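The values are calculated or read from the model by the stated rules, or taken from the named source; none is laboratory data. Here the structure is a predicted model, which means the values were calculated and not measured. Note: ideal-geometry Cβ built from the backbone for every residue, glycine included; neighbour counts use all protein chains shown. Quick note on the areas: whole protein, heavy atoms, side chains included, nothing else; ligands and nucleic acids left out. Shrake-Rupley method; radii C 1.70, N 1.55, O 1.52, S 1.80 Å.
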Amino acid sequence: MRWNEGIKLSYIEQLRKKIGHDEYIGVGAGIFIYKDRNVLLQKRKDNGCWSMHAGGLEIGETVEEAAKRELLEETGLTANTLCLLDVFSGEEMRYTYPNGDKVSIVQIIYTCNDFSGEITREQEEVSDLKWFDINEIPDNISPPDKKAFDSFIYFMNSKKSQPN
């Protein structure tokens with residue numbers, strides 16, 4: 001949640017006021033929302049790339065709470081049951097955002113096909129929300145999310161070969 005004009009800033013906004021664009025280790029949580037063989041992705045306004053629904057943890061928040069909060073804020077959807085996909089970290093997770101902010105990301109990503117609500121796009125950070133067939137994922141994936149996408153596609157393709 002973003003607060004403006006003297007009201008409480010998010011943890012990341014507070015941290016950036018102190019460290020500027022310097023690199024820090026950021027812990028993020030996110031969710032791939034899917035139904036059948038389709039996944040709901042968002043196009044980020046900051047870099048123009050497609051991504052799952054994710055963001056940084058706030059102080060005192062569990063990883064699951066952060067993932068669910070980000071999904072709700074960005075899409076209007078409520079995640080009910082989460083399944084851990086994987087944890088991503090390392091050199092490939094270092095990123096410099098278009099505004100110059102540097103981060104080394106530790107990303108905890110879930111999958112979810114048990115969700116509810118009406119899709120409502122968050123206007124400030126998300127330029128588009130769109131369902132994609134798992135075989136038609138766009139090429140312009142946000143760079144720090146590529147490892148998670150590879151893992152999610154593998155997960156979905158392995159589900160296809162399993163009996164119902």
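Accessible area ranking (1.4 Å probe, heavy atoms, ligands and nucleic acids excluded), largest first, for 82, 77: 82, 77. Helix 146-160 and the longest principal axis of the Cα set of the chain meet at an angle near 20°. Hey, which of these cross-link pairs are over 19 Å Cα-Cα: 45/102; 18/68; 18/147? 18/68; 18/147, as the Cα separations exceed 19 Å there. Between amide H atoms placed 1.01 Å from N, distances below 5 Å from residue 45 occur with 126, 127, all of them 5 or more places distant or on a separate chain.
Per-atom-type breakdown for the range 5-164 gives carbon and sulfur 49% of the accessible area (1.4 Å probe, protein chains only). 3J(HN,Hα) couplings calculated from phi for the range 40-47 with the Karplus curve 6.51 cos²θ - 1.76 cosθ + 1.60 (θ = phi - 60°) are, in sequence order, 8, 10, 10, 9, 6, 6, 6, 10 Hz; Gly and Pro show x. In this structure the amide hydrogen of residue 110, modeled in the peptide plane, comes within under 5 Å of the amide hydrogens of 30, 31, 32, 85, none closer than 5 places in sequence on its chain. Sorting 121, 69 by solvent-accessible area of protein heavy atoms yields 121, 69, largest first, with a 1.4 Å probe. Taking all protein chains together, 53, 21 sort by accessible area into 21, 53, largest first [probe 1.4 Å]. Put simply, the amide H of residue 10, placed in the peptide plane, has neighbours under 5 Å in 3, leaving out anything fewer than 5 places away on its chain.
With every protein chain present, what is the per residue accessible area of the chain (1.4 Å probe, Å²)?
Details: 9150 Å² over 164 residues.
On a per-residue basis, the chain sits at 56 Å².
Does a label point 7 Å from the Cα of residue 58, set along Cα-to-beta-carbon, have any residues of the range 8-24 with amide nitrogen under 14 Å, and which are they? 8-14, by backbone N distance to the label point. The figure for residue 10 is an accessible area of roughly 20 square angstrom, using a 1.4 Å probe on the protein chains alone.
Of all DSSP-defined beta bridges confined to the chain, some 70% are antiparallel rather than parallel.
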